[in-house]
1. Can you tell me which condition Asn111 does not meet? The list is (1) modelled with pLDDT under 95; (2) out of contact with any Gly (no Cβ under 9 Å at 6 or more places or on another chain), and all the others hold.
2. Got a number for residues in the stretch 10-31 being within 20 Å of Lys216 (Cβ to Cβ), crowded, with 24+ Cβ neighbours inside 10 Å and hydrophobic (A, V, I, L, M, F, W, C)?
3. Please pick out the residue among Asp10, Asp24 that is within 15 Å of Ala207 (Cα to Cα), in contact with a Cys (Cβ under 8 Å, 6 or more places away or on another chain) and in the same structural domain as Ile254 (by TED's automatic domain parsing).
4. Among the residues of the stretch 206-246, what is the count of those that are of a type in the set (A, V, I, L, M), surrounded by fewer than 16 Cβ atoms within 10 Å (Cβ to Cβ) and either within 19 Å of Leu16 (Cβ to Cβ) or not assigned by TED's automatic domain parsing to the domain that holds Tyr33 (or both)?
5. Restricting the search to the stretch 134-154, which residues are aromatic (Phe, Trp, Tyr) and buried (at least 16 other Cβ atoms within 10 Å of the Cβ)?
6. Quick one: which of Leu131, Leu203 is without any contact (Cβ under 8 Å) to a residue 40 or more places away in the chain, surrounded by fewer than 20 Cβ atoms within 10 Å (Cβ to Cβ), among the hydrophobic types (A, V, I, L, M, F, W, C) and not in a helix (DSSP H, G or I)?
7. Pairs needed: first member in the stretch 48-68, in the same structural domain as Ser11 (by TED's automatic domain parsing); second member anywhere, hydroxyl-bearing (Ser, Thr, Tyr); C-beta distance under 6 Å; at least 6 residues apart or different chains.
8. Answer with yes or no whether Thr17 is of a type in the set (S, T, N, Q), within 19 Å of Lys97 (Cα to Cα) and in the same structural domain as Glu228 (by TED's automatic domain parsing).
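The values are calculated or read from the model by the stated rules, or taken from the named source; none is laboratory data. Treat the numbers as computed from the prediction; the structure is a model and nothing was measured. Note that we place each Cβ from the backbone using ideal geometry, even for glycine, and neighbour counts take in every protein chain shown.
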Amino acid sequence: MERRPIGIFDSGVGGLTVLKAIRDRFPDEDFIYFGDTARVPYGTKSERTIIRYSLENARLLRKFNVKLIVVACNTSSSYALDILEKEMDVPVLGVVKPGASAAVKATKTGNIGVIGTEATIKSGAYRREILTINPFLKIFEKPCPLFVPLIEEGWLEDEITYMVAERYLSEFKNKNIDTLVLGCTHYPLLKNVIGKVCNNIKLVDSAEETALETGKIINKVKCTGKGEVRILVSDMSNRFKKIAEMIMGDSFSIEEVSVDVC
């Protein structure tokens, strides 16, 4: 049977949390991951630019004959998923719907907080998906634009990161939320910080839910793999390598590629 990898892309290193969740569940699958590190962050970009970057990333992955594309970027999932589904000739899966579903299942008070990039929050994607499932829930949203650059800098538990988290998340106090959606695949890397600031609140990481949805798709497009992981970036940096090894638990070769090949 022909070997075809699962393609995954994100604006940077955060999508590796999704790659790890899927790989842990399907260790025999092959993977191609692309982190657009030269153009991170996406969350401050215009809708037009986000869509263009997302299309370029997906076309790059198609060069590797992927059988499925996972958009491991909440910003891209919020703005470009419908376009990618029409443009690509393979299944495309985003992270917003799985995360929204998990939040609805988790809440007991009916009050859900959502944090994400400026673009993701502005899109209202999580609000729409959550209220589609249950229109009686209350959604409280907050953009946290500094989180991604802090993570890309490697300041995962720095004092400054705690201060920024406290400043952002204090708005959720007295809202009686019991569930907080980490609406950016970078944010699980700040779980320790966010968990301390939001004590006794369930943190929803869409990576595991996305892995479950991925399983439903690949069961229909099975092929033989060897568990190989290939990581590509648009700009090589030691910071990416360091965080990648921390997320994945082992060392991988990382190659720099140019997005304009597509």
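1. (1)
2. 3
3. Within the list Asp10, Asp24, the selection yields Asp10.
4. The total comes to 3.
5. Phe140, Phe147
6. Details: Leu131 fails: not in a helix (DSSP H, G or I).
Only one candidate qualifies: Leu203.
7. That search, which allows pairs on different chains as well, returns Ile50/Tyr42; Ile50/Thr75; Ile50/Tyr79; Ile51/Tyr79; Ser54/Ser76.
8. Details: of a type in the set (S, T, N, Q): yes; within 19 Å of Lys97 (Cα to Cα): yes; in the same structural domain as Glu228 (by TED's automatic domain parsing): yes.
The answer is yes for Thr17.
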